[in-house]
Amino acid sequence: MTHILRVLAPNPGPFTLEGTNTWIVGRGPSVIIDPGPRDGGHVRSVINEAVGVEAILLTHHHPDHAEAAAQLAGATGASVRAFHPQQGERGLRAGDFIQVGPMRLRVLHTPGHSADHLAYYLEGDESLFTGDAVLGRGTSAVDPPDGDMSAYVHSLHAMRNLAPRVIYPGHGPVVFDAPAKLNEYIAHRTRRESQVLAALAGGAATAEEMVPIVYAGEGLHPSMVPVAARSVLAHLLKLEKEGKAARTGHAAEGRFVAVAQKPCERCGRPAGAGSRFCRQCGMAVLQEGP
């Protein structure tokens, strides 16, 4: 088993839980995943624990995960790597492998929480470092436009398909039953989408109108209502892409209506918006020609 150590950043809060998890993977050589915020004490703790750092990997560029990257790079001489590299950083793409000593990390592009989000799969250990895509406790925020619910749900399925054993999240405790956690996340988004569709059918038109309906009985704190509204909006935008909802009135008003689903004329599955066929059958019809 690979030596994996957490250094917890001193930035607790409603979005960061106990704080940001900085992961040190390996011990001479090692990799740092998510350097954390620009906090002198935290940076010193990471430097004191990390041995032979060869790479500093970002899951994404949100400040609580990435601010300390330049300081750690300067102290260790290691390069900083990210999906959308900023000044002085090196790029990563989906499917890349990072080999450090005996460790081999596979790079996954997991957009949804943010467009540049990556996860890292440690082969052999069957461990997945998920940043903010999957947390150790609670659910991840998806805030448009950088957040995209369609992409996020796809990313959850992609991570589940890897069949990881353990999840090392960006916030919260280690998850020792990764399949159950990923199934829980997928089921949560499926359930939330059904609730949004039901609110639409009941006459609610905006994300703000839907929050008290969708979150009824969940004890949502008033301070989290704006965050919940952004999440509902992300679901509405996903439904719009799928032809299950449509905007009404001026775009700035953010009003939506449900769109009745017609069956595909070939297979009976839901047809695409404005089409006689579902996407699969539509492609087949195009290939068949006149």
Return yes or no: is Ala78 in contact with a strand residue (DSSP E or B) (Cβ under 8 Å, 6 or more places away or on another chain), at pLDDT 95 or above and open to solvent by less than 20 Å² (accessible area, probe 1.4 Å)?
yes
For segment 62-118, what are the residues that are assigned to a helix (DSSP H, G or I) and of a type in the set (Asp, Glu)?
Asp64
So Asn48 ticks every box in (1) without any contact (Cβ under 8 Å) to a residue 12 or more places away in the chain; (2) assigned to a strand (DSSP E or B) but one. Which box is left unticked?
(2)
Pick from segment 5-45 the residues that are more than 23 Å from Arg90 (Cβ to Cβ) and in contact (Cβ under 8 Å) with a residue 60 or more places away in the chain: which of them is least open to solvent (accessible area, probe 1.4 Å)?
Gly19
Residue identified as open to solvent by less than 70 Å² (accessible area, probe 1.4 Å) and among the acidic types (Asp, Glu) among Glu218, Glu193
Glu193
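The values are calculated or read from the model by the stated rules, or taken from the named source; none is laboratory data. This one's a predicted model, so the numbers in the text were calculated from it and none came from an experiment. Positions of Cβ are backbone-derived with ideal geometry, glycine not excepted, and every protein chain shown enters the neighbour counts. Just so you know, the surface numbers come from the protein's heavy atoms only, side chains and all, with ligands and any DNA or RNA stripped out. Shrake-Rupley method; radii C 1.70, N 1.55, O 1.52, S 1.80 Å.
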